[in-house]
Amino acid sequence: MAAAATRLTAEGEAVLRAADDRAVRVERGLAAEFTDAERETLVELLGRCIGFLEAARSAPGG
C-alpha cells in the first residue's frame, strides 16, 4: 500500500512557522536561566534519563 502525500496549506505553513519562532524564543529563554556549568549538568542528567527510558522501552514487558 502506497503512502499518501500530505501538504500543509499556506495558512498551516504560517502557523507552523509562528509556532517554531515561539519555541525558539522559549528555548533561548530557558537556556538563559542557567549558567554554562548548569546547562552542562542538565544535559548530562537528561541524557541519563533518556538512557533509562530507552532501556525500559526495550526491556521485555516495557
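The values are calculated or read from the model by the stated rules, or taken from the named source; none is laboratory data. What you see is a predicted model; the values in this text were computed from it and never measured. Because the Cβ atoms are built from the backbone with ideal geometry, glycine has one as well, and the counts that use them run over all protein chains shown. Areas reflect the complete protein model, heavy atoms only, side chains present, ligands, DNA and RNA absent. Shrake-Rupley method; radii C 1.70, N 1.55, O 1.52, S 1.80 Å.
Please go through the range 16-25 and pick out each residue that is among the hydrophobic types (A, V, I, L, M, F, W, C) and open to solvent by 90 Å² or more (accessible area, probe 1.4 Å). Let's see the steps before the verdict.
At the first step, the residues of the range 16-25 found to be among the hydrophobic types (A, V, I, L, M, F, W, C) are 16, 18-19, 23-24.
16 - this is the single residue of the range 16-25 that is among the hydrophobic types (A, V, I, L, M, F, W, C) and open to solvent by 90 Å² or more (accessible area, probe 1.4 Å).
Scanning the range 26-62 for residues that are hydroxyl-bearing (Ser, Thr, Tyr) and modelled with pLDDT of 95 or more, which turns out surrounded by the fewest Cβ atoms within 10 Å (Cβ to Cβ)? Can you show your working first?
Narrowing the range 26-62 to residues hydroxyl-bearing (Ser, Thr, Tyr): 35, 41, 58.
Now narrow it down to the ones that are modelled with pLDDT of 95 or more: 35, 41.
Values: 35: 8, 41: 12.
Going through the qualifying residues, I end up with 35.
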